[in-house]
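Below is one structure, written out as structure tokens; the observations come after it.
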Amino acid sequence: MSGKHFNVHEVGCCIKYFIFGFNIIFWLLGVAFLSVALWAWSEKGVLSNISSITDLGGFDPVWLFLVVGGVMFVLGFAGCIGALRENSFLLKFFSVFLGIIFFLELTAGVLAFVFKDWIKDQLKFFINNNIRAYRDDIDLQNLIDFTQDYWECCGAFGPEDWNLNIYFNCTDTNLSREKCGVPFSCCTKDPAEDVINTQCGYDIRAKGENEQKTFIHTKGCVPQFEKWLQENLTVVAGIFIGIALLQFVHLKHLSHSADRASISLSLGNRVGTLSSQYPSNQRGIPFAYLLYYIVQQHLHVSMIMVSNSRFAFNPSSAKFNSINTISLHTTHLSSLSL
């Protein structure tokens, strides 16, 4: 008997290329994030001395780029190849991974609402821990400066939190020029100045509270963040709900496509087995015999090529072209019995 070839188009063309296009962008963003992270570590000499990763006492922002970039890279790769090759394993992997992220987002939202005080304490601990390591890493320093400048705040709950840093504390043993001061990002901006005064926070905490308010921000970053969140709660909630809905719809389509790909592949294998068992002196497989196997699967079949007989299934009416070629156009078969 001549060789057998199966060409089963499981996933709709529009859904297939939508998933592929979406994930190729996702994958490229993941590559960009990973590239930035590796470049940052290369500039800091971490790649040449891996043990230095553990030397930083605070949070290294590069880890954020690595984790986000790694997740986006893996998800984008699985989604691209799974959609393009109609690979049921990669599509299921992508949908399960996306489902886990969706579940974690919902869980984080609920926990953030229920354990607000605990999260506030953890945020204070996180900020203070990074204040201690302010001068240890340039990326961490830039992140803290950006946060304090954007939120117009200073420290976790106030300027006195900078007493935790060895360069800014007011102890007698501190010989730093920044003693009893704060970083320049705590200073209030003067519209008349075009150049940033990086020494504006020197000795400021040695002055009175009223004088401090004239030159620096005296509110902490945690209260400022809470205030911003309350003022923009509707926008933030809308963004998170929108992202969650997009993930849910995407997940639904992926799950459906993966199931169809898996079941259709199984059907193709069954028909191949059937054709090999049927006598080779026959020109084709009896239609009723083949239809029985199709009905048992309960799905559309796009194209099955078996030996020298070709069966094409599309959502229209049935027609017969020749003895060697049979084109069957059928709809979803759900409750037939032979």
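The values are calculated or read from the model by the stated rules, or taken from the named source; none is laboratory data. Just so it is clear, the structure is predicted and the values come from calculations on it, not from any experiment. Here the Cβ is made from the backbone with ideal geometry for all residues, glycine too, and neighbour counts use every protein chain on show.
Among helices (runs of 4 or more DSSP H) entirely within the stretch 131-238, having at least 2 residues that are out of contact with any strand residue (DSSP E or B) (no Cβ under 6 Å at 6 or more places or on another chain), at pLDDT 95 or above and not assigned by TED's automatic domain parsing to the domain that holds GLU105 singles out no element at all.
Is there a residue in the stretch 212-219 that is under 25 Å from the mean Cα position of the chain (by Cα) and within 30 Å of TRP118 (Cα to Cα)? Within the stretch 212-219, not a single residue is under 25 Å from the mean Cα position of the chain (by Cα) and within 30 Å of TRP118 (Cα to Cα). With respect to GLY82, is the statement that it is under 26 Å from GLN230 (Cα atoms), not assigned by TED's automatic domain parsing to the domain that holds CYS187 and not β-branched (Val, Ile, Thr) true? Judged against the criteria, GLY82 is not a match.
Looking at the structure I just gave you, is GLN122 modelled with pLDDT of 90 or more and in a helix (DSSP H, G or I)? No.
Could you go through the stretch 121-129 and let me know if any residue there is over 27 Å from ILE239 (Cβ atoms) and touching a Cys at 6+ places or on another chain (Cβ under 8 Å). No, every residue in the stretch 121-129 fails to be over 27 Å from ILE239 (Cβ atoms) and touching a Cys at 6+ places or on another chain (Cβ under 8 Å).
Tell me, yes or no, whether the stretch 121-130 has at least one residue that is buried (at least 19 other Cβ atoms within 10 Å of the Cβ), under 30 Å from TRP39 (Cα atoms), β-branched (Val, Ile, Thr) and in contact (Cβ under 8 Å) with a residue 60 or more places away in the chain. Yes, the stretch 121-130 has at least one match.
Here the condition is being in contact (Cβ under 8 Å) with a residue 40 or more places away in the chain and in contact with a Phe, Trp or Tyr (Cβ under 6 Å, 6 or more places away or on another chain); of GLY158, GLY220, GLY181, it holds for GLY220 alone.
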